[in-house]
1. So for region 154-177 (the condition being in contact (Cβ under 8 Å) with a residue 60 or more places away in the chain, over 30 Å from residue 16 (Cβ atoms) and hydroxyl-bearing (Ser, Thr, Tyr)), does at least one residue qualify?
2. Let me confirm something: among 100, 116, 133, 129, which residue is modelled with pLDDT under 90, surrounded by 15 or more Cβ atoms within 10 Å (Cβ to Cβ), farther than 16 Å from residue 170 by Cα and not acidic (Asp, Glu)?
3. Tell me which residues, restricted to region 94-129, are assigned to a helix (DSSP H, G or I), without any contact (Cβ under 8 Å) to a residue 60 or more places away in the chain and under 17 Å from residue 82 (Cα atoms).
4. Only one residue in 87, 34 is within 19 Å of residue 194 (Cα to Cα) and either under 16 Å from the mean Cα position of the chain (by Cα) or part of a helix (DSSP H, G or I) (or both). Which one?
5. Looking at region 223-247 only, could you name the residues that are of a type outside the set (D, E, K, R) and touching a residue at least 60 places away in the same chain (Cβ under 8 Å)?
6. Every residue in region 161-176 that is modelled with pLDDT of 85 or more and either among the basic types (Lys, Arg) or more than 14 Å from the chain's Cα centre (by Cα) (or both), please.
7. Go through 10, 29 for me and flag whichever is more than 29 Å from residue 188 (Cβ to Cβ), assigned to a helix (DSSP H, G or I) and either touching a residue at least 12 places away in the same chain (Cβ under 8 Å) or not aromatic (Phe, Trp, Tyr) (or both).
8. List, please: which pairs have Cβ atoms under 7 Å, are six or more places apart or on different chains, and start with a residue in region 206-219 that is farther than 16 Å from residue 170 by Cβ and end with one that is of a type in the set (S, T, N, Q) and surrounded by fewer than 24 Cβ atoms within 10 Å (Cβ to Cβ)?
Amino acid sequence: MIEAVEELMEEYSKWLKDKTVLRQVVDTEWVEITTPYLDRHNDYVQIYVKMQDGGFLLSDGGETIEDLQMSGCNLESRHRQDLLQMTLNGFGVKRDGDSLTVRASTQNFPMRKHNLIQAVLAINDLFYLANPLVGSLFLQDVKAWLELSSVRFLPNVKFSGASGYDHHFHFAIPAFQSAPERIIKVINRPNREAAESMAFAWFDTREIRSSDSKAYALLNDSEQAISAPVGDALRNYDVQPVLWSKREEIREDLAA
């Protein structure tokens, strides 16, 4: 099994390298990094890096928050500010005005770059439906349902994977008696890219978790139908996809 994981990790690293494009931003110190990850507009996520104080400063250029605001997502309420900050804290990313930033050294540059990209993707997903007509956010709906179901959980957890990368999950339910550890990722905008990202995160971390640990992906199907490739991508890596409309089917499993 270890050999298979190593081979997949090598393929993943090769995919990242082959699909990443660098460009010097004209008349600036910044280098633009175009990644193979897609944002909510199905555009490639871009981040920027420059040398600073003997290390590196990485930034999204303010594009993530500016795009949400231009799309009508008001981030000024205390509730959404807290949710945004909680998400950033989970990846060790700071907010500087509208920019999301991290500082890196030569040694931890790959990890910091990974964390910034994952933070951008998480915020895109978190506020996907957060327009003025939506009263609540999907993550908060899931949290409220877990509490109502008497599920004892740890929110906003981060595990290191076999690759050395950290992976963020929204909830972890500790093992208890005969019930195994259960890990939950909330996907507000279920598409193939989001499913594959979750699948890789679990595949990378499961080898260092308990052998009977289980992973669930809670998929928001209230606004769109979930395509078959989404469920297939998750099941192929032993992640159980659960439609939000059918969440009651796993209530007893999570509350055990």
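1. Looking through region 154-177, none of the residues is in contact (Cβ under 8 Å) with a residue 60 or more places away in the chain, over 30 Å from residue 16 (Cβ atoms) and hydroxyl-bearing (Ser, Thr, Tyr).
2. Details: 100 fails: modelled with pLDDT under 90; 116 fails: modelled with pLDDT under 90; 133 fails: surrounded by 15 or more Cβ atoms within 10 Å (Cβ to Cβ).
129 is the lone residue from the list that is modelled with pLDDT under 90, surrounded by 15 or more Cβ atoms within 10 Å (Cβ to Cβ), farther than 16 Å from residue 170 by Cα and not acidic (Asp, Glu).
3. Scanning region 94-129 gives 119, 122, 123.
4. 87
5. 244
6. In the first step, residues of region 161-176 are kept if they are modelled with pLDDT of 85 or more; the result is 167-176.
Hits for region 161-176 are 172, 173, 174, 175, 176.
7. Selected residue: 10, the only one of 10, 29 that is more than 29 Å from residue 188 (Cβ to Cβ), assigned to a helix (DSSP H, G or I) and either touching a residue at least 12 places away in the same chain (Cβ under 8 Å) or not aromatic (Phe, Trp, Tyr) (or both).
8. Between residues of region 206-219 that are farther than 16 Å from residue 170 by Cβ and residues that are of a type in the set (S, T, N, Q) and surrounded by fewer than 24 Cβ atoms within 10 Å (Cβ to Cβ), the close pairs are 206/213.
The values are calculated or read from the model by the stated rules, or taken from the named source; none is laboratory data. Fair warning: this is a prediction, and the values are worked out from it, not measured in the lab. Positions of Cβ are backbone-derived with ideal geometry, glycine not excepted, and every protein chain shown enters the neighbour counts.
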